[in-house]
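The values are calculated or read from the model by the stated rules, or taken from the named source; none is laboratory data. All values derive from a computational prediction rather than experimental measurement. When we count neighbours, we look across all protein chains shown, and the Cβ atoms used for this are built from the backbone with ideal geometry, even at glycine. We work out accessible area using only protein heavy atoms, side chains counted, and drop any ligands, DNA or RNA first. Shrake-Rupley method; radii C 1.70, N 1.55, O 1.52, S 1.80 Å.
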Amino acid sequence: MNAFARYFHWLHGKWPAGSIENLPVVGEAGATNVSGVRIVGDLSGVPLLKFSSETGTLAVRAILAEPEFVRQRGQDAEVVDIAIIGAGVSGVSAAMEAAKAGLRYRLFEATQVFSTVANFPKAKPIFTYPTDMTPSGGIQYPPTSSVKEALIEDMERQRREAGVETVMARIEKVERRGGVFVLQHGDDAKTETRALRVIVAIGRSGNFRRMGVPGEELDKVMNRLHDPKDFAGKDVLVVGGGDSAAEAAIALVVCGARVTLSHRGAELNRPKPENVEKLKMLASDPSASVAVSQPTSERVTTAANSEMRGTKPAGSLRLALGTSPVHIESGKAVLRRGKDGPEEPLANDFVFAMIGREAPLEFFRRSGITIGGERSRNWWITAALSVVFFLWIYHWKKEFFVGTPVDVNTTVLKSSAGSDPTGLLYTIRESASYRSFWYSFAYVIVIAIFGFRRVKRRRTPYVKMQTLSLALIAIVPLFLLPEIVLPWMGHNGFFAEGAPLRGFADQFFEVANWKLAKLPEADRAAAAAFGAERSYWRVIGFILAWPLLVANWFTDKPMFGWLIVGGIQTFVLIPLLVWRFGKGAYCGWICSCGALAETLGDTQRHKMPHGPKATRWNMVGQAFLAFAAVLMVLRIIGWIFPSSPAGAIFHFLHKGAPLGSGLPLLNYEYFVDLLWAGVIGVAFYFHLSGRVWCRFACPLAALMHIYARFSRFRIFAEKKKCISCNVCTSVCHQGIDIMNFANKGIPMEDPQCVRCSACVQQCPTGVLSFGHLDGAGVPALDRLAASPVQMREKATA
Ligand SMILES: Cc1cc2nc3c(=O)[nH]c(=O)nc-3n(C[C@H](O)[C@H](O)[C@H](O)COP(=O)(O)OP(=O)(O)OC[C@H]3O[C@@H](n4cnc5c(N)ncnc54)[C@H](O)[C@@H]3O)c2cc1C
Ligand code: SF4
Ligand code: SF4
């Protein structure tokens, strides 16, 4: 590994970077982009029985609350109120709620009522997480439902008692025609059911992911392992790199099979550490005493231990990492090393393809329902339009630095009261004649409105406090101080010659000559002495530290006030804050970019790309940090040796100056501050989530990533409660694969975390908690509650 690769690994590359499954995009009460179609059950997020029941019920209640539905109901006897597709737990729960409300509904099932549960392994124990939750309608789970058979019996009884019947038919798509939804079924899909609303409850089972190699269709290729004893003495190839593949391989080897485990990655970093440990033990000693006593994977349905091998000889295990199958035939399988490496034939009796399942996405594509992570033509067109719009906005706003007054209509403010320079209205009128005022004003309004909505959506004390902090900082130091309070103080002599605050103002807000230039020449000297017209915008430097805001450092003459305050901020206060509370103490509680991402971007977080490719982009910020550091050094040399070329080089790289001979687009101010922080950061809000700039490119975040490698902050996980549902990873808008820490019980220390709390708050079983390692390295949990499940558990304890 070269130095750069080692640095990347140390900072970002070493953390798990699993990707997230593409699922249909589901909003409140199952709403989708196709108005009138709702999705419930596993497909709406959490793959657990209780949540599935509840989502079915809530979708029906939301339909009943739609005024349009109430108006349309009963107008056409041929049109049912609701068509429900899928008679699993959620579909039957929806039907029970519809029956209770007296709706005309039809429930379609392709194979067998409750087919997913009916296919659980014999006598499978049923876990009814979260234990303190009672679904607010639909199927209930009494303590008697402790094993599969009893659960089915209980659910069937509840279905019969509610009078819920099904129509046996597979529905292939939902189509809107003439203001209603049409579902085709029956022989040759000739029968049609028309419905006002549709609830899709088809579960996540879908299809097993395919390897895409010749021979995959042979009978010897399987996706589930029921009885490992059947494979004793056989040559078996297991394909995959997760817990399913690991547990299948372990179970097969301990029962006497000769197993090759093929995984395309160079390391096994997805399975639980204990499974990896067992694989390593078996690879070096096949008779090692290991067992799979409670398979975590639903694809390995039988426990296995070495006693099950009986008198047969021990199996064997070869870990073929960095390989993938290319061909399967009778008695043989062929692996290839890497993408273009050599081929390796293997004797083979059976293949287990344990490479995951795909949700039934074709159904949704055919029905026009948006699938998360898929980029349609529409996605590209709207992303391009958004970039053009924000390019325009930021060029418009850039007047901030030049100070050109604009024609923004301020007539309302031009009252007679506004003509007294010491009056508040005069100050507001003057500030409002600059574009920056309107930009900041719009920013504050957005934070306030979307912040309020976030607090309503995520009801935890943590979110309330965090949103309050972000909103107050946005309103006071980022808007009221620079736009109103400080200019008003200036007009009222607070910074005039001889005033106590004059020295302070000179150090932090220099007299703005461009403002003075607007005055009649005769008045300029007096106005300068009075000292009202200053660069008050610099006050945001108290919040936005170097190198997020470089303007207070990259001045032609050093501004010592800012150098001292900024130095303490960036190199003392922030490191201490990050060391104790993590990078999120700044990014999630203070920063203006974070404020927008956590409020306006709160519903966009699932759009952040995950996986190793996206992780490589994290290094853009390191490049910008290095750029800022080089500029800082040049700037300082230029101050100390004004006649050296350092100052000119600095200007060339910083602003592309002198105009015409500098770096017109690649200079720091344009490329980093305007294109990345402004245009790219905001234009992709609704396409790639609100943290694009924060995660990939912010140079201050890049510096804090380094600090965070020494931080004591962690997200702790109660491993035994984790059901590996991936909800936490999918809502992380910093692209962190939090599930991969949680289901192994490893404290999360990826430096990217901004403490947004979405993972902690949305985890359905309350696994995650914010905290830190104390002086003795012992976990200490935060007191500010961030998990609603833990709050409920505490209340009922
Ligand atoms: C092996 C295993 C073990 C589990 N153990 C537990 C546990 O212990 N505790 C727990 O809380 N959860 C457990 N779960 C999760 C739980 O089973 C699911 O959360 C629940 O079944 C999801 O309900 P659903 O209604 O969304 O989908 P499903 O129950 O999958 O029902 C979907 C139904 O739709 C039908 N269907 C599919 N496509 C169509 C179509 N095109 N037209 C018509 N019908 C269609 C299917 O045949 C099926 O009957 C387990 C899951 C598995 C796979
Ligand atoms: S708190 Fe959770 S969701 Fe938010 S950034 Fe950290 S790991 Fe990601
Ligand atoms: S920690 Fe993550 S994967 Fe585990 S149960 Fe919670 S949300 Fe699901």
Exercise for review: Please work out the FRET efficiency for the pair Thr555 and Thr134, using the Cβ-Cβ distance as r and a Förster radius of 60 Å; give the result to the nearest 0.05.
Suggested key: 0.45
Study note, to complete from the structure: Shape descriptors of region 15-102 over alpha-carbon atoms, Rg and Dmax in angstrom, are 14.7, 58
Check your understanding: Where nothing but the Cβ of Lys and Arg (+1) and of Asp and Glu (-1) is charged, how large is the charge dipole of the chain around its Cα centre, in debye to the nearest 20?
Key -> 480 debye
Check your understanding: Which Cα, out of Leu261, Phe479, Asn2, lies furthest along the positive dipole direction of the chain (beta carbon charges, K/R +1, D/E -1)?
Key -> Asn2
**Study point:** Share of Cα-Cα pairs in the chain lying beyond 49 Å, as whole percent
**Key:** 30 percent
Exercise for review: Take the cross-link list Lys148/Lys720; Lys234/Lys339; Lys173/Lys229; Lys280/Lys794 and give me the ones stretching past 31 Å between alpha-carbons.
Suggested key: Lys173/Lys229; Lys280/Lys794
**Study point:** Within region 19-55: backbone nitrogen closer than 12 Å to the Lys339 label point (7 Å, Cα to C-beta)
**Key:** none
Study note, to complete from the structure: Rounded to the nearest 0.05, FRET efficiency between Glu149 and Thr191 (Cβ-Cβ, R0 25 Å) equals 0.15
Practice item. Pull up the cross-link candidates among the lysines for Lys655, meaning alpha carbon to alpha carbon under 22 Å and not fewer than 8 places away within one chain. Key: Lys397, Lys398, Lys515, Lys557
Check your understanding: Dipole of region 28-146, Cα-centred, from +1 at each Lys and Arg C-beta and -1 at each Asp and Glu C-beta, to the nearest 20 debye?
Key -> 300 debye
Check your understanding: If you roll a 1.4 Å probe over region 486-568 with all protein chains in place, what percent of the accessible area is carbon or sulfur?
Key -> 67 percent
Practice item. Would you tell me the accessible area of Val767, worked out with a 1.4 angstrom probe on the heavy atoms of the protein chains, in Å² to the nearest 10? Key: 10 Å²
Point to revise | Rounded percent of accessible protein surface that carbon and sulfur make up, region 45-162, 1.4 Å probe | key: 55 percent
Check your understanding: So, in nm, how far is label Leu218 from label Ile706 when the simple model puts each one 7 Å beyond its Cα toward the Cβ?
Key -> 5.5 nm
Check your understanding: For region 703-748, which whole-number percentage of the solvent-accessible area (1.4 Å probe, protein heavy atoms only) is attributable to carbon and sulfur atoms?
Key -> 61 percent
Review point. Once the Cα atoms of helix 646-655 and of the chain are each reduced to a long axis, what angle between those two axes, in degrees from 0 to 90 to the nearest 10, is obtained?
Key: 60 degrees
Check your understanding: Taking 0.36 nm per intervening residue step and subtracting the Cα-Cα distance, what contour gain separates Ser724 from Ala5 on full extension?
Key -> 255.8 nm
Check your understanding: 222 nm [θ] for the chain, helices only, -39500 (n - 2.57) per DSSP H run of 4+, per residue, to 500?
Key -> -10000 deg cm²/dmol
**Study point:** With Cα atoms, 0 to 90° folded angle of helix 243-254 axis to the chain main axis
**Key:** 40 degrees
Study note, to complete from the structure: Regression test value, accessible area per residue of the chain, probe 1.4 Å, units Å², expected 45 Å²
Review point. Considering the dipole of region 138-282 built from charges on the beta carbon (Lys and Arg +1, Asp and Glu -1) around the Cα centre, which of Val236, Gly215, Ala162 is farthest to its positive end?
Key: Gly215
Exercise for review: Pop the C-beta distance of Glu66 and His687 into the FRET formula with R0 = 35 Å and round what comes out to the nearest 0.05.
Suggested key: 0.75
Check your understanding: With labels modelled as points extended 7 Å from the Cα through the Cβ direction, what inter-label distance (nm, one decimal) is found for Val778 paired with Leu563?
Key -> 4.7 nm
Practice item. Any chance you could run the full-extension gain for Val326 through Ser115? It's 0.36 nm times the residue separation minus the Cα-Cα distance, nm to one decimal. Key: 72.6 nm
Exercise for review: Can you tell me the 0 to 90 degree angle between the C-alpha axis of helix 89-100 and the longest principal axis of the chain, rounded to 10?
Suggested key: 80 degrees
Check your understanding: If you look at just the Cα atoms of region 690-748, how large are its Rg and its Dmax in Å?
Key -> 13.1, 38
Check your understanding: Extension gain Arg459-Arg170, at 0.36 nm per residue separation less the Cα-Cα distance, in nm?
Key -> 100.1 nm
